[in-house]
1. Looking at HIS57, HIS38, can you tell me which residue is part of a strand (DSSP E or B) and not hydrophobic (A, V, I, L, M, F, W, C)?
2. Can you name the condition, by its number, that THR43 falls short on among (1) more than 20 Å from ARG94 (Cα to Cα); (2) among the polar types (S, T, N, Q); (3) modelled with pLDDT of 95 or more?
3. Return yes when THR47 is among the polar types (S, T, N, Q) and part of a helix (DSSP H, G or I) and no when it is not.
4. Among the residues in the stretch 69-77, are any at pLDDT 95 or above and assigned to a strand (DSSP E or B)?
5. Can you spot a residue in the stretch 13-36 that is over 18 Å from ILE86 (Cα atoms), at pLDDT below 95 and either touching a Pro at 6+ places or on another chain (Cβ under 7 Å) or surrounded by 18 or more Cβ atoms within 10 Å (Cβ to Cβ) (or both)?
Amino acid sequence: MRKSGMAHTYFVYILANRPRGVLYVGVTNDVARRLAEHRAKSTPSFTARYGVTRLVHVEEYASILEARAREHSLKRWHRTWKFQLIEATNPEWRDLSADLSLA
């Protein structure tokens, strides 16, 4: 996964606290920055309360409208569907944050 050189790139991401555990779906234009914010737990939030800090899935979009539509769709999915989506590309539930290219 990479941070694109495009002027406007948006990402839909899924965080987990452990494999098949608590999930959080979000959207951002900077995955590394947003992940750092989640991990800092500086504000009371869902991710802070449940320790949801493992980046397990990322999708890239050229439009914020597309990204928000996808985020909205994923938030309505059943947990098992999200598990299948994650496991299709990340069967080990690895933390993908090490794969972020900040170049």
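1. Details: HIS38 fails: part of a strand (DSSP E or B).
Step by step, each of HIS57, HIS38 is checked, and only HIS57 is part of a strand (DSSP E or B) and not hydrophobic (A, V, I, L, M, F, W, C).
2. (3)
3. Working: among the polar types (S, T, N, Q): yes; part of a helix (DSSP H, G or I): yes.
Yes, satisfied.
4. Taking the stretch 69-77 first, the residues at pLDDT 95 or above are 69-77.
Imposing the further condition that a residue be assigned to a strand (DSSP E or B) reduces the set to none.
No, the stretch 69-77 has no match at all.
5. No, that holds for no residue.
The values are calculated or read from the model by the stated rules, or taken from the named source; none is laboratory data. Everything quoted here is computed from the prediction, not taken from an experiment. Cβ sites come from the backbone with ideal geometry, for glycine too, and all protein chains shown count toward neighbours.
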